[in-house]
Amino acid sequence: MSTSDIRDNYSRIATTYDGKWAGTLAIHARAVSDRLPLARARRIAELGCGPGRVLPHLAQLAPQARVIGSDLTEQMLRLAPARFDRVVADAQRLPFRSGSLDAVVMAFVLFHLPDLPAGLSEVRRTLVPGGSFGAVTWSEFDPHPAYEVWVRVIDEHGAPPDPSPQMPSDNITSDPGKLRNALQEAGFETIEITGERFHHQTTAAEFLAHSEVVGAMARRIDELPAARRTACLAAAERELAGLAPEAFIESGTVLYATARAAKMGGWN
Ligand SMILES: C[S@@+](CC[C@H](N)C(=O)[O-])C[C@H]1O[C@@H](n2cnc3c(N)ncnc32)[C@H](O)[C@@H]1O
């Protein structure tokens, strides 16, 4: 569950992640960015920007701004458009001067931070007083029949638990009340948090191609001996082929959080 485990994981799955998730998740990152007052911003950073799908949108919203894409994982950042400044950095220890950013965006990153208070305090430190912060994070998942079949087949093949859970702060960031408290404690004000629906339709082939590489279950099957792993994937393929298209809809709720760096306080 350390930051270096998370970096190793994203280094391995960067291209697969970009193919399946980046497009769907960018819808939410763009929507939360639209809630920020960016028109006059001069310097904006997206932290944990991954393949950088949202950077062009930020540049449109803030035509005068220098837009910086930053991520812990170099392999993810390499997929981001080269016309933007790209900075490899841990959001818990940012290489930016205090009060040097007008806005910060983080999409599907906060739950990865082992030290959420440190990450939020860093964001607050680097923002100008009154600067804007926008984040999107997972909240609730609806029942997902294909995923339930996938987990059952993996259990039946005796895969051990996930050796490296990747969402150490999810218990805080998935709960609107706890997320609000964490933002307040880090020195944010004017906090607004709304729940928004997400919806993503895949096919059996796409589901399996992605799930055998990305996520907790992929890490579990990687712990199996090679022959058992192959048998597990074959069994999953057979069972998934029998499901209706609706079984492959991933849906649920994400949280959009916006806030301002408090004008008074320790850092500014
Ligand atoms: C789920 S992806 C989201 C990527 C992108 N924001 C998007 O919405 O498609 C999580 C990203 O956060 C990055 N990340 C994880 N922990 C981080 C940290 N401590 N500091 C900066 N980035 C981090 C990962 O490398 C990965 O690119």
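So which of 103, 41 is at pLDDT 95 or above, away from the ligand (no atom under 12 Å from the Cβ) and farther than 25 Å from residue 176 by Cβ? Step through it out loud before you land on a result.
Values: 103 fails: farther than 25 Å from residue 176 by Cβ.
Of 103, 41, the one residue that is at pLDDT 95 or above, away from the ligand (no atom under 12 Å from the Cβ) and farther than 25 Å from residue 176 by Cβ is 41.
Within segment 142-168, being modelled with pLDDT under 95 and either part of a strand (DSSP E or B) or of a type in the set (Gly, Ala, Ser) (or both) holds for one residue alone: 164.
The helices (runs of 4 or more DSSP H) located wholly in segment 1-113 that include 1 or more residues which are under 18 Å from residue 136 (Cα atoms) occupy 3-17, 23-34, 55-61. The single condition from (1) surrounded by 15 or more Cβ atoms within 10 Å (Cβ to Cβ); (2) more than 30 Å from residue 245 (Cβ to Cβ); (3) within 20 Å of the chain's Cα centre (by Cα); (4) away from the ligand (no atom under 16 Å from the Cβ) that residue 90 fails is (4). Between 73, 137, 126, the distinction of being touching a helix residue (DSSP H, G or I) at 6+ places or on another chain (Cβ under 6 Å) and farther than 30 Å from residue 243 by Cβ belongs to 73 only. If you go through segment 60-87 and keep only what is within 15 Å of the ligand (Cβ to nearest atom), within 15 Å of residue 43 (Cα to Cα) and of a type in the set (S, T, N, Q), you end up with just 70. Residue pairs whose Cβ atoms lie under 6 Å apart, separated by 6 or more positions or on different chains, with the first residue in segment 64-79 and over 15 Å from residue 105 (Cβ atoms) and the second more than 7 Å from the ligand (Cβ to nearest atom) and open to solvent by less than 10 Å² (accessible area, probe 1.4 Å), are 75/14; 76/14. Scanning segment 124-144 for residues that are open to solvent by less than 30 Å² (accessible area, probe 1.4 Å) and within 16 Å of the chain's Cα centre (by Cα) turns up 133, 134, 135, 136, 137, 138, 139.
With respect to being open to solvent by 50 Å² or more (accessible area, probe 1.4 Å), touching a strand residue (DSSP E or B) at 6+ places or on another chain (Cβ under 8 Å) and under 30 Å from residue 124 (Cα atoms), residue 185 falls outside the description.
Within segment 1-47, the set of residues being surrounded by fewer than 16 Cβ atoms within 10 Å (Cβ to Cβ), touching an Asp or Glu at 6+ places or on another chain (Cβ under 8 Å) and hydroxyl-bearing (Ser, Thr, Tyr) comprises 11 only.
The values are calculated or read from the model by the stated rules, or taken from the named source; none is laboratory data. All figures in this text were calculated on a predicted structure; none of them were measured in a lab. With ideal geometry, Cβ positions are generated from the backbone for all residues, glycine too; neighbour counts draw on all protein chains shown. Heavy atoms of the whole protein, side chains included, go into the accessibility calculation; ligands, DNA and RNA do not. Shrake-Rupley method; radii C 1.70, N 1.55, O 1.52, S 1.80 Å.
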